[in-house]
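Visitor: Below you'll find the structure I mean.
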Amino acid sequence: MIIGRLRQWLSLLVCVLAVILLKSEGASVGITYLQDAVAKGAVCLDGSPPAYHFDKGSGAGVDNWIVHMEGGGWCEDVPTCLSRKNTDLGSSKQMVKQFGFSGLLSGQQKSNPDFYNWNRIKVRYCDGSSFTGDAVDRANNLFFKGNSIWEFIIADLLAKGMRNAKNAILSGCSAGGLASILHCDRFRALLPASTKVKCISDAGFFLHAQDVSGGKHIEEFYGKVARLHGSVKNLPASCTSRMGARPELCFFPQYVVQTMQTPIFFVNSAYDSWQIKNILAPSAADKSKAWKSCKLDLKKCTAAQLKTIQDFRTQFLSALNRAGVVNSPSKGMFIDSCYAHCQVGKQIQWSSDSSPVVSNMKIAKAVGDWYYERSPIKKLDCPYPCNPTCPKVDSDS
């Protein structure tokens, strides 16, 4: 009996904590399934309809829109896509019905003063290709229809009022942050010329770089994604037309951003935890597991490993510069030195007392100032481990 009561109390405590978390992070927003998309072939990996969460704007923000694309990696071959097929990254049947909005999507004025009353949409990610795919594998009953999903959702939102938008932002985190780069100019073209349109990429600037073994793991990985999903034809033509026989390299933002026309803002760590774990030191390139402890906690890295990581930062900043981010008046950036991945969707990193600060500015203020052109924003942090405002644990873990 005592154990039974203890379980009841624990269950109640969990419910109370969940309510407190929702109140602190933002309101819970219900899911919308786009059933009509199925007939158009715009479906998740398992053939289920795409979905999003939509919190309607109010007051002065009723004609302003943020479309934020969820992240979640990629699947590069049939086995990895089959492993996603019955999860929320491959099927809307597995997605949570309610989602708490926070950070950039928060509906609270105090924590999100520039965008709290906009129409805010979180697009769920279930295709595994950063919304670029256009193929079907009948033998394995897999649908690679990411581009069709993106087009259907944008058309649906336009019909629901976005066609009258005064302001519009396409944003995303991780794989969604990459999608916000790849689809940015198309998003601009679908809205009226009178609409102020900009894009935000959070942890989406994935670097084309060699791994610690000297191999090209990430290049080969993205090549597999592009071939499996039939993505190349949906990558920006302004990039693919310049890449000759290697159009799949346009999965890398450093080649796409050079010719982008729409203003874009980059929130990224120069020590992005996902990139260090999967681009610089992927398990395939670290058979001896010499990097295992270092990847979990940079304080456990050897001097030689830290040197390699600092060199990776140098490559990352060089790629940003060559892509025109540093000098372009229409592009902005907030590049911190935290061991982090995805920062705009979490209140603790967006605008809380614990948020990272670069040059006396937090991410929320930087993004707002850039969007409303209150000042140009080119924030670049000092090298690790100089910033005491960084979270103690990487946001990717």
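The values are calculated or read from the model by the stated rules, or taken from the named source; none is laboratory data. On a predicted model such as this, the values are computed, not experimentally measured, just so you know. Here Cβ is always computed from backbone atoms with ideal geometry, including for glycine, and neighbour counts include all displayed protein chains. Please note that ligands, DNA and RNA were not included when accessible areas were found on the heavy atoms of the full protein model with its side chains. Shrake-Rupley method; radii C 1.70, N 1.55, O 1.52, S 1.80 Å.
Visitor: Given the options Leu178, Leu158, Leu191, which has the most mean-square fluctuation in a GNM of the chain, springs set between C-alpha atoms less than 10 angstrom apart?
Guide: Looking only at Leu178, Leu158, Leu191, the biggest GNM fluctuation is shown by Leu158.
Visitor: With each pseudo-label sitting 7 Å past Cα toward Cβ, what's the Thr259-Lys233 distance in nm, one decimal?
Guide: Here the modelled spin labels are 1.9 nm apart.
Visitor: Taking the Cβ-Cβ separation of Met361 and Lys299 as r and a Förster radius of 30 Å, what is the calculated FRET efficiency to the nearest 0.05?
Guide: For Met361 and Lys299, the calculated efficiency is 0.70.
Visitor: Ok, one more. Can you pick out the pairs among Lys166/Lys362; Lys198/Lys365; Lys295/Lys346; Lys97/Lys198; Lys365/Lys392; Lys292/Lys378 whose Cα atoms lie more than 24 Å from each other?
Guide: Lys166/Lys362; Lys97/Lys198; Lys292/Lys378
Visitor: Just to confirm a number: summing +1 for Lys and Arg and -1 for Asp and Glu over residues other than Ser194 whose beta-carbon lies under 13 angstrom from that of Ser194, what do you get?
Guide: +3
Visitor: Additional query: In what order, largest first, do Ser231, Ser238 sit by accessible area if the probe radius is 1.4 Å?
Guide: The ordering from most to least exposed comes out as Ser238, Ser231.
Visitor: Still on this model: Calculate, for Ser330 and Asn141, the FRET efficiency according to 1/(1 + (r/R0)^6) with r their C-beta to C-beta distance and R0 56 Å; round to the nearest 0.05.
Guide: 0.80
Visitor: Ranked by accessible surface with a 1.4 Å probe, highest first, in what order do Lys122, Lys216 come?
Guide: These residues rank, largest area first, as Lys216, Lys122.
Visitor: Relative to the present Cα-Cα distance, how much length would full extension add between Asp63 and Arg163 at 0.36 nm per residue of separation?
Guide: Between Asp63 and Arg163, full extension yields 35.1 nm more.
Visitor: Would you tally the net charge around Gly47, using a Cβ to Cβ cut-off of less than 14 Å, leaving Gly47 out, and scoring K and R as +1, D and E as -1?
Guide: For residues surrounding Gly47, the net value is +3.
Visitor: Right, next: Taking the chain, how much of its Cα-Cα pair set, in percent, is spaced more than 30 angstrom apart?
Guide: Every Cα pair in the chain considered, those over 30 Å come to 40 percent.
Visitor: Now, a different point. Round to the nearest 0.05 the FRET efficiency obtained for Lys40 and Arg374 when R0 = 41 Å and r is the Cβ-Cβ distance.
Guide: Calculated value: 0.50.
Visitor: While we're looking at this one, here's another question. Against the 2.2 N^0.38 Å scaling, with N counting residues, where does segment 145-287 land? I'd like the Cα-based Rg ratio to two decimal places.
Guide: After normalising by residue count via 2.2 N^0.38 Å, the value is 1.12.
Visitor: Kyte-Doolittle cut-off -1.0, length cut-off 24 Å along the helix's own axis using Cα: show which whole DSSP H helices in the chain pass.
Guide: Correct list, ordered by number: 2-25, 303-322.
Visitor: If you average the alpha carbon positions of segment 372-392 and of segment 293-333, how far apart do those two centres end up, in angstrom?
Guide: So the separation of the two Cα centres works out to 13 Å.
Visitor: Turning to a different aspect of this structure: In the full protein assembly as shown, how much of Val29 is accessible to a 1.4 Å probe, in Å² to the nearest 10?
Guide: About 10 Å², ignoring ligands and nucleic acids.
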